[in-house]
Amino acid sequence: MIELFFWPTPNGMKPLIFLHEVGLEYELTAVDINKGDQFTQEFLEIAPNGRIPAIIDHAPAVSEIAVSVFESGAILIYLAEKTGQLLPQSEKGRTEVLEWVMWQMAGLGPMLGQNHHFNVYAPQKVAYAIKRYNDEASRLYAVLDLRLAEREYICSDYTISDIVCYPWIARHERHQINLDDFPSVKRWFDTMSGRPAVRDAYNRAEKMNVGAPVTDASKSILFGQTAETVRGAVSKKRS
Ligand SMILES: N[C@@H](CCC(=O)N[C@@H](CS)C(=O)NCC(=O)O)C(=O)O
């Protein structure tokens, strides 16, 4: 059984979609990031970065003890290798998928996160930051659009490279992006949105009924973190 430490955010949705695609048995453990659950000792034990998602595989293929994984990209690779699904085994096919997974993890995700932060959450409208991340969002959407112009999916078949990107593209309106300007992304997005496993994963997440994604109260938890936050959580753990 896979225990998924989850909150319904783009990074949280990635492993949930995977689990629905392959039909692995799972249980959700809610980590309410708006209340600071990401700083509990139990959670930091498996996810030292204090971010969801994370998993514990209680029935790993080889290891005799449970295996935990943090970072959504690492989780997808781990689950794909465990199940032998959605990650090709050929040298070329696997490398290509990993390239796009890394592109999402290091580029698309962080840049769109900053885009949303400065457009929506920042208490001041910082024109330079807003332009910087709007420009970067449009550049990244164009990279994906060119890639998808010649393919149904990001790599040769449906793989974890599609799963890792979808939950972020699903929030295109928040990134000031009109999908009509990126027709191949739009076509791919519609295909992805129609996949039963994707719909089931979003329906499952919706059942958590968490209300507003970020409230005024949660802003101070989410956006005021420093080295002291990390050291404070660790010293609580040691005492
Ligand atoms: N690179 C990480 C990023 C994870 C991440 O930023 N998760 C957010 C939710 S999407 C989170 O846990 N935020 C809690 C916080 O900022 O305190 C991954 O892909 O797993």
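None of the figures in this text is laboratory data; all of them are computed from the coordinates on show. What you see is a predicted model; the values in this text were computed from it and never measured. As a convention, Cβ positions derive from the backbone with ideal geometry for all residues, glycine included, and neighbour counts pool all protein chains shown.
See the values below:
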| item | result |
| --- | --- |
| GluC sites (Glu not before Pro) within region 136-222, DSSP loop, no more than 15 other Cβ atoms inside 10 Å | 150, 152 |
| Extent along principal axes [Cα atoms of region 91-194; Å; largest to smallest] | 46, 27, 20 |
| Under the span-like rule (Cα at least 27 Å along the axis, Kyte-Doolittle mean at least -0.5), DSSP H helices of the chain | 127-148 |
| Nearby lysines by direct alpha-carbon distance to residue 82 (threshold 22 angstrom, same-chain neighbours under 8 apart not counted) | 14, 92 |
| Charged-residue dipole, Cβ positions (Lys, Arg, Asp, Glu), region 91-194 about Cα centre, Debye nearest 20 | 420 debye |
| Size of electric dipole in region 1-70: Cβ of Lys, Arg +1 and of Asp, Glu -1, about Cα centre, debye, nearest 20 | 320 debye |
| Relative contact order of region 91-194, defined on C-alpha pairs under 8 angstrom at six or more residues apart (%) | 34 percent |
| Dipole of the chain, positive direction: furthest Cα of 208, 88, 59, with charges on the beta-carbon | 208 |
| Student exercise, the chain dipole from Lys, Arg, Asp, Glu Cβ charges, in Debye to nearest 20 | 760 debye |
| Cα-only Debye scattering, the chain: base-10 log of I(q)/I(0) at q = 0.09, 0.10, 0.13, 0.14 Å⁻¹ | -0.40, -0.49, -0.85, -0.99 |
| Taking 165, 155 and counting other C-beta atoms within 10 Å, the order from fewest to most | 155, 165 |
| Relative contact order (%) - criterion: Cα under 8 Å, at least six apart; region: the chain | 24 percent |
| Percent of beta bridges antiparallel (DSSP, the chain, rounded to nearest 5) | 60 percent |
| Potential extension, residue 139-residue 29 segment - 0.36 nm per residue separation minus Cα distance | 36.0 nm |
| 12 Å cut-off, amide nitrogen to a point 7 angstrom out along residue 209 Cα→Cβ, residues in region 1-35 | none |
| Dipole-positive endmost among 122, 168, 133 within region 91-194 (Cβ charges, Cα centre) | 122 |
